[in-house]
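Q: To start, I am sharing the structure in question, which I have written as structure tokens.
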Amino acid sequence: MKWSDFMINKDEIYTATEIVRNFSSVLNKVTNGDIKKALIVKNNKFEAVLLSMAEFERFEKAVELLKIAYSQRKSENDK
């Protein structure tokens with residue numbers, strides 16, 4: 001993962017209304033990799049994120065690796 005994965009690009013921000021009206025278009029942008037994620041804003045608050053399955057699976061793997069690293073480090077410190 002890179003820091004740019006966590007950066008917010010203004011092209012990735014959509015209101016809930018925009019998502020409702022343009023769901024297929026936004027979904028295509030996400031799944032085709034034109035954008036990494038679609039941040040959904042409702043009532044001026046970030047409420048949700050739309051990711052491709054590939055991106056979601058990548059985040060899941062990263063979380064699993066972090067859990068393993070944490071467990072190993074914790075068991076080393078407990079000795």
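The values are calculated or read from the model by the stated rules, or taken from the named source; none is laboratory data. All figures in this text were calculated on a predicted structure; none of them were measured in a lab. Quick reminder, even Gly has a Cβ in these numbers, built from the backbone with ideal geometry, and neighbours come from all protein chains shown. What goes into the accessible areas is simple: the full protein's heavy atoms, side chains included, and nothing from ligands, DNA or RNA. Shrake-Rupley method; radii C 1.70, N 1.55, O 1.52, S 1.80 Å.
Q: How large is ³J(HN,Hα), in whole Hz, for each residue of segment 12-26 in order, when computed from phi with the Karplus curve 6.51 cos²θ - 1.76 cosθ + 1.60 and θ = phi - 60°, using x for Gly and Pro?
A: Coupling constants for segment 12-26: 9, 9, 9, 6, 4, 5, 4, 5, 4, 6, 10, 4, 4, 5, 5 Hz.
Q: Kindly rank 58-70, 16-28 from highest to lowest mean number of other beta carbons found within 10 Å of each residue.
A: 16-28, 58-70
Q: Still on this model: Can you report the principal axis dimensions of the chain using only the alpha carbons, biggest first, rounded to whole angstrom?
A: Principal extents (Cα only, largest first): 57, 28, 19 Å.
Q: Compute the relative contact order of the chain as a whole-number percentage, counting only Cα pairs closer than 8 Å that sit 6 or more residues apart in sequence.
A: 22
Q: While we're looking at this one, here's another question. Counting only protein heavy atoms and a 1.4 Å probe, tell me what percentage of the chain's accessible area is made up of carbon and sulfur.
A: Here carbon and sulfur together make up 55 percent of the probe-accessible area.
Q: Scan around VAL41 for amide H atoms under 5 Å from its own, H built in the peptide plane at 1.01 Å from N, and keep only partners 5 or more places away or cross-chain.
A: Here TYR14, THR15, ALA16, GLU47 satisfy the definition.
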